[in-house]
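Since the structure comes first, as structure tokens, the remarks are kept for the end.
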Amino acid sequence: MSNEGLIENYNNLKDIKPKHLPKEVFIWDETLRDGEQTPGVFLTIDEKTEIAKLMDDMGVAVIAAGFPAVSKSEAKAVKRIANEGFSASIAAPARALHSDIDACIDCGVDEIPLFIASSNLHLKYKLKMTREEVLDRVSDSIGYAKDHGVVVDFILEDSSRSEFDFLVEIYKTAIESGADRICACDTVGFLRPLSMKYLMSRLRDEIWKIKKVPLAIHCHNDFGLATANTLAAVEEGVTFPLICINGYGERAGNAAFEEVVMALEVLYGIDTHIKTDMLYELSTLTEKFFTVPLPIHKAIVGVNAFSHESGIHVHGELGHPLTYEPIAPESVGRKRLFILGKFTGRHIIRRKLKSKNIEATDDQICDILDKIKKEQESIGKKERCDMFDEVKERTLKMHSGVDDNRFWAIVSEILE
Ligand code: MN
């Protein structure tokens with residue numbers, strides 16, 4: 001079906017094309033690191049490896065496999081993924097400490113995202129370090145990691161709430177110490193897209209004066225702006241977006257893999273090197289292993305993202321699928337669904353009957369519609385609410401961690 005002349009696409013206007021927009025980006029997935037830090041979630045080594053394998057097959061450039069310094073079993077998982085022979089570069093983060101870097105080297109990873117924080121807040125209350133101490137630690141740890149022959153990404157936590165001149169100073173130190181890539185973070189999802197563009201354009205100019213290293217961005221979703229901010233950063237020349245499948249991650253999560261990839265591909269025409277028709281498979285596999293149910297209306301991968309019930313929409317869809325859909329469901333490995341329910345209209349009924357060469361009068365169609373609506377209401381509202389409460393309670397229970405009663409029982413066992 002030709003779409004020629006049917007819709008205007010303002011995204012393609014030359015006048016608004018960002019000057020530094022890259023032609024391609026390289027997806028850096030954080031699902032197995034930041035994603036797994038979703039409260040109450042844990043993955044087995046086999047699950048981690050299976051997700052990593054699928055991402056590798058799909059064209060993910062960098063897979064953050066886990067945080068080796070956390071525990072022996074985490075290090076074991078990273079080691080296993082690093083030894084699978086994937087095409088993706090396998091990364092494991094380290095604080096700016098020799099012991100963390102050693103833990104990554106022991107796992108045989110290709111690259112180390114080395115991180116430290118830069119805001120006055122983090123320096124004073126978390127790191128308890130002066131700026132000079134931070135700069136010393138950065139040059140020392142990057143030098144130490146580079147001596148082991150790995151790629152080093154330098155990540156500044158809370159950079160979006162850090163003083164600009166200090167950001168430049170610390171990034172400069174990192175580059176001069178051998179950092180291969182530079183990453184900024186909107187750690188608590190605090191920027192607006194326009195502020196992100198401002199910050200990244202100024203940082204890009206200053207950083208590229210020193211050396212034209214690739215730039216990365218890590219955005220959180222506390223205001224629901226993680227995807228928008230990630231795209232804003234790409235508009236300013238960032239080529240390594242850090243993203244998590246289904247938007248999983250700490251608190252309100254990270255920029256969602258499927259949203260960032262599809263927006264870059266469709267709305268910007270940027271090559272992400274991702275086989276997008278595998279997105280749904282990746283999303284469902286990850287959802288199952290995380291045991292974190294997705295909202296039914298989640299963009300791209302939610303159950304309803306390509307479902308239609310209302311008679312008006314279904315009628316439109318049957319005429320031309322772009323009427324009420326921005327992309328073909330097949331492009332992300334999905335199928336369009338027509339749901340029969342309260343808002344169903346006669347067009348879908350006629351279409352279904354026609355597919356089996358069945359004739360029906362208008363009255364008969366009305367009767368069929370009546371029955372469908374009654375059928376849907378056969379599970380009463382009270383019963384529905386009870387079912388919902390049960391599912392909700394069990395879901396929350398699964399993710400509430402070790403409860404207070406258990407905590408005090410553990411304490412008394414140990415202190416006895
Ligand atoms: Mn994070």
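Ordering TRP208, TRP408, TRP28 by accessible surface, largest first, gives TRP408, TRP208, TRP28; the 1.4 Å probe counts only protein heavy atoms, with every chain in place.
Within segment 303-378, the proportion of Cα pairs with more than 22 Å between them is 27 percent.
Residues GLU235, GLU317, ordered by accessible area of protein heavy atoms at a 1.4 angstrom probe radius and largest first, appear as GLU235, GLU317. Heavy-atom accessible surface of TYR280, to the nearest 10 Å², is about 60 Å², with a 1.4 Å probe and all protein chains retained.
Over all projection directions, the Cα-based convex hull of segment 1-116 averages an area of 11.4 nm². Computed from label points 7 Å out along Cα-Cβ, the spacing between GLU413 and ARG336 is 5.6 nm.
Helix 98-107 and the long axis of the chain differ in direction by around 50°, with both axes built from C-alpha atoms.
Relative to the longest principal axis of the chain, what angle (0 to 90°, nearest 10) does the C-alpha long axis of helix 279-290 take? It works out to around 70 degrees.
Return the calculated 222 nm mean residue ellipticity for the chain, to the nearest 500 deg cm²/dmol, obtained by summing -39500 (n - 2.57) across DSSP H runs with n ≥ 4 and dividing by the residue count.
Values: 14 runs with 174 residues, N = 416.
That calculation yields -13000 deg cm²/dmol at 222 nm.
The order of ASP100, ASP165 by accessible area, most exposed first and with a 1.4 Å probe, is ASP165, ASP100. Put simply, the convex hull of the Cα atoms in the chain casts, on average, a shadow of 25.8 nm².
In the assembled protein chains, LYS53 presents an accessible area of approximately 100 Å² (probe radius 1.4 Å). Using the Cβ-Cβ distance between THR291 and GLU4 with R0 set to 51 Å, the FRET efficiency from 1/(1 + (r/R0)^6) comes to roughly 0.65. Each of SER310, LEU267, ALA328 was scored by the projection of its Cα onto the charge dipole of segment 193-351, and the greatest displacement toward the positive side belongs to SER310; charges sit on the C-beta of Lys, Arg, Asp and Glu. Beyond 21 Å, how much of the Cα-Cα pair distribution for segment 201-303 remains, as a whole percent? In whole percent, the long-distance tail amounts to 37.
Any idea what the dipole of segment 139-295 comes to, in debye rounded to 20, about its Cα centre with Lys/Arg Cβ at +1 and Asp/Glu Cβ at -1?
200 debye
Spin-label model, ASP386 to LEU267: label points 7 Å out along the Cα-to-beta-carbon direction sit 4.4 nm apart.
The values are calculated or read from the model by the stated rules, or taken from the named source; none is laboratory data. If you're wondering where the values come from, they're calculated on a predicted model, not measured in any experiment. As a convention, Cβ positions derive from the backbone with ideal geometry for all residues, glycine included, and neighbour counts pool all protein chains shown. Ligands, DNA and RNA are excluded from the accessible area calculation, which covers all protein heavy atoms including side chains. Shrake-Rupley method; radii C 1.70, N 1.55, O 1.52, S 1.80 Å.
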